[in-house]
1. On the given criteria, is A:GLU322 surrounded by fewer than 23 Cβ atoms within 10 Å (Cβ to Cβ), at pLDDT 95 or above and among the acidic types (Asp, Glu)?
2. Is it true that some residue in the stretch B:217-228 is facing another protein chain (nearest Cβ under 10 Å) and either closer than 30 Å to B:PRO317 by Cβ or surrounded by fewer than 20 Cβ atoms within 10 Å (Cβ to Cβ) (or both)?
3. Out of curiosity, is A:TRP569 outside any strand (DSSP E or B), surrounded by fewer than 16 Cβ atoms within 10 Å (Cβ to Cβ) and among the aromatic types (Phe, Trp, Tyr)?
4. Can you tell me which residue among A:PHE639, A:PHE631 is out of contact with any Asp or Glu (no Cβ under 6 Å at 6 or more places or on another chain), under 23 Å from A:GLY493 (Cα atoms), away from chain B (no Cβ under 12 Å) and at pLDDT 95 or above?
5. Could you check the stretch A:340-429 for strands (runs of 3 or more DSSP E) lying wholly inside it with 3 or more residues that are surrounded by fewer than 24 Cβ atoms within 10 Å (Cβ to Cβ) and within 14 Å of another protein chain (Cβ to nearest Cβ)?
6. Residue by residue through the stretch A:265-300, note down the ones that are surrounded by fewer than 24 Cβ atoms within 10 Å (Cβ to Cβ) and among the aromatic types (Phe, Trp, Tyr).
7. Within the stretch A:159-202, how many residues are in contact (Cβ under 8 Å) with a residue 24 or more places away in the chain, more than 27 Å from A:ALA227 (Cβ to Cβ) and crowded, with 16+ Cβ neighbours inside 10 Å?
Amino acid sequence: MMALAVVSLAGLARTPSASQSAPVTADTRPSAPAVSVSTQASSDRAAAPDGFSAMPRSAATSSPSPQAPRRTDERTGASAGFPPPVASYDIDATLDPAAHRLTGRARITFSNPGQVPAYSLRLHLYWNAFSDTGSSWLRQSRLGGSDTSDELDPRDAGWQQITALRIVNPDGSAGPDLLGGLRFIQPDDQNADDRTLAAVDLPAAVAPSETLRLDVEWTAQVPRTIARTGVRGRDYLIAHWFPRLGRFGEAGWEARQFFANTEFAADFGRYDVRLTVPDRWVVGATGTEVSRTPDGRGTTTHRYAQEGVHDFAWTTSPHYVEHRRTFTHPTLPAVEMRLLLQPEHAGQEDRHFSATAAALRYYGEWYGAYPYSQITIIDPAWGSGFDGMEYPTLFTAGTRWLAPRGSSEPEGVTVHEAGHQFWFGLVSSHETDDAWMDEGLNTFSEARVGSLTHQPDYRVERFFGDFVPWQLRDVPLSRATDDNGLDGYRRAGRGDVQATPSFRYWPGTHVATTYFKTALWLHTLERHLGWERLQPALQQYFAQWRYRHPRPADFFAALDAGTGQRLEWFIHQVYRTTAVFDYAVEHLTSTQVHTQGVRAARLSDVPEAIDRTSDTYRTTVVVRRLGDGVFPVDVRVRFEDGTEVREPWDGRGAWQLFQYERPSRAVSAEVDADRVLLLDVARTNNSRSLAPRRDAAATHWARQWMVWLQDLLIQMAVLV
Amino acid sequence: MIWREAYLNGWQRVRQAPALVLVLWASTLAVALPAAWLLRGALATHLGDSLMAETAAVGVNLDWWNEFLAQASGLGATFSPRIIGVAAVLDNLSRMTDARALPPALGVVVVVWLLLQVCVMGGVIERVARQQPMGRVRFLWACARHAGRLVRLALITGAGYWVLFTQLHPWWFGDVYQAAVHDVTSERVAFAWWLGAAVVFAVPVLLLNVVVDYARVRAVVEDRRSMIGAMVAGARFAAQARGAVMTLVLLQLLTLAAWLGLYALMAPGASAGLWGLVVSQAYIAGRLAIRISGVAAQVSLFQARLAHAGYVAYPLPQWPDSAAADAILPTPACATHQALPGSRRHHCSSGPISR
């Protein structure tokens, strides 16, 4: 009889949040047996007792200090600092580059982390999204205006097919075959053509804290990249490539179909993966390389291992040029950085490393330390479509052959994707339902890092087939507006209520809602509360939810607790409505006080005519709330004598009047002068001047535009 | 070398007729200014009394700029940061190589401009062909005389370019180029392919351009009525003198590239005031001078090979003077003169009266 083991979760017991209803019942189980590792190590690698934390001694420019092996918790089998595994994978996979075919087999170990039994399993087969144009992914992509999904050449399609699926008995013998009961389901959109989520009933339920082992075999066709994963030429980025268990929450499976708007969600676990690829092809993967074994048949097996992660991605190509550096910091752990660079980007390694180091440094200082010993940076091949994506301990950046210094390519995407190691990799929010929780928080953080490390950041335009860059040194980009995506938000901010599950966002505007709106309201909070209040709140949130799966309510509760403020008045507007913020100075006049009419000097006197102008100026300012969003703002009025007045306004009413009588005439009035409210979609109407320079500005820019037009006309004249 | 002489002669003819550059430059202003005025109004309306204008008046205020673009339509929608400095030139050149459609709002402006160009070009060719001053009246006469024919020619060539840019270009860069780079993973290699594709695509464009240019020259210089005939004649000449013709084309392109390069070094930035306007208008005038010199070089080459310098088939008109003009003008000095009966007019027996 299968000995059921229940893992004590006391060490990582979830703090009940508003979204939870019952506490976890803790039990104990015997420790899992130590995983056997290959003892064949190359000469430059230290043999690791457990295979999960060894860091190769680098032959690169700096000398990494080898990290001591982590202690393994005998009760949970987890290494110190890592969570008990929920879904672990022991995988063998072989890539056939000639046919772009991948075959694999895996042993999956699932420990039910929830509070209800698991009567069935959910398995993601993401690559089936690229098998035909009927998939939900491609349908949604078409709605968003993508023209890549109108047709799909069968030679470019990808798919995954499970060829064997059986339970493994506790004694290791083969258990019941589940393949016959495997079926595709479409719980999110009822699209019968979508085959990205499969379900199979279990002969016996897996009770909370029980463990189930499965053996699965599959074959997959590597697609020509449509999104994030695939092949171009001989460059492979293999992501979400194996039949992966869905995430199991407190109340059961939380697995979604695969949609274009969103990404992935899974449970933490251990990965021990052996990848067989042609000899001399460079491999980069999640985790640490444990061994590299040529088999004498023209292929080499690379073994990688990592625990405390919820995904495993890898890349291979004969073209990569490898570089290594070590990130060091007085208070943060050292991290080995490994860069796989395209040959034509030689000379850009410093830019990739400095951006990665900036992310590790600032995210580490602000939120919490990066806990893994290594990080791999992939420089994707041109046209591959792999760029700008994150996986645990590995991410793809993205640069160009001609990438002018002084612009944020590749720094911006490198910081962003490295930052996802924290928001998504460690704090594993649900990307399909709550994509804004990692993308928005990360966009906010990335912009903050950028403002500290790569300034100025000039806008770049590309010409001649999008190949030739031209840096506009008159156009510096700013964190507050450009990096936060204000323009994108302004154009599409009303696309969806942010609280809508992300996979249901309108495809054409989901980026604005997910990335930009979140970054803007977080930055607004930063300006409103001060970074010294917001940062500790984010740090506490990170510490509390690392290796866990927070929901929006958890994040908002952490903000309230960490800042000591009740922010519901703001969160409700930005998260649960599509309220748009727009404050304006509607009226500004400043004239000498002129009194005319009749007035009696005393009550008993007969009124006499008066007509006098005093030396005093009456300044009248009317500010108006044009949007439906409410935010406290201030109003600043400046006077000719150099003085100014600041008035607070709670921003609730439709308008507010301010009047002053002073010896000096006013020159200007501004609402939200310090630009705290970054969500204000129309900044131009936030101010008025009594000596406006609109004519000078309009003339200046009409002149510039006219030269462009004249040049265009001369160009066109060549054709007649 | 005949092409060298033609090239130098082309510039000489421009120097002899600097007013042509002025005329073309004024025509760009005549078309561009009203459009710029309209845009100016839209910009001013959007800025209102805002303090954003303070920074926008002296440089880039990207915040306001993006806000303007988000609500702009028509001409306003073309107001992008690509208009700054030499980026404007790159944008326009790239528009052609990438076959990017013209913004619809500019359609009317461009059509008016092209019509104006077509009409003026007859006078320009006649002037550089005759190599003598024509005066304003005769210049306008020449423009009017050739306008109808050159419009017909422009329609034919427009059809040709339409086929090239809307049919050939998408196939060449969409299907053929994409197939060539299907598995290319190096941007440098892909760019090399793109350059190669652009050069190959440029061949039919250049060929059409050359044929049309010489068709235009022959239509004006030889006073041809049939534009199809002019096209055939232009093609025939270009084929016969292909070496000199293509060398001239290359020289013109190199001259243009040098001028663009110079502008790239001196192009005014976003903060440039009136001085920037002067520099940019000098650039525009220079481009027009290069264009006219190209036309003049083509005329010179044609005249050198098939005619003679100064040859134009149709003589310049000589209009009789009015009686009032006669009354004002002094008696001409000539060997003999006699009064016409019943008239106060005189004429020289040695030849017509000249002024």
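The values are calculated or read from the model by the stated rules, or taken from the named source; none is laboratory data. Quick caveat: nothing in here was measured; it's all calculated off a predicted structure. Here the Cβ positions follow ideal geometry from the backbone for every residue, glycine too, while neighbour counts run over all protein chains shown. These accessible areas exclude ligands, DNA and RNA; they are computed on the full protein's heavy atoms, side chains included. Shrake-Rupley method; radii C 1.70, N 1.55, O 1.52, S 1.80 Å.
1. Yes, satisfied.
2. No, because not a single residue in the stretch B:217-228 is facing another protein chain (nearest Cβ under 10 Å) and either closer than 30 Å to B:PRO317 by Cβ or surrounded by fewer than 20 Cβ atoms within 10 Å (Cβ to Cβ) (or both).
3. yes
4. Within the list A:PHE639, A:PHE631, the selection yields A:PHE631.
5. Strands (runs of 3 or more DSSP E) meeting the threshold: none at all.
6. A:TRP281
7. Selection size over the stretch A:159-202: 5.
To keep it simple, each residue is scored yes or no on (1) basic (Lys, Arg); (2) open to solvent by 20 Å² or more (accessible area, probe 1.4 Å).
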| site | (1), (2) |
| --- | --- |
| A:HIS528 | no, yes |
| A:ARG533 | yes, yes |
| A:ALA537 | no, no |
| A:VAL574 | no, no |
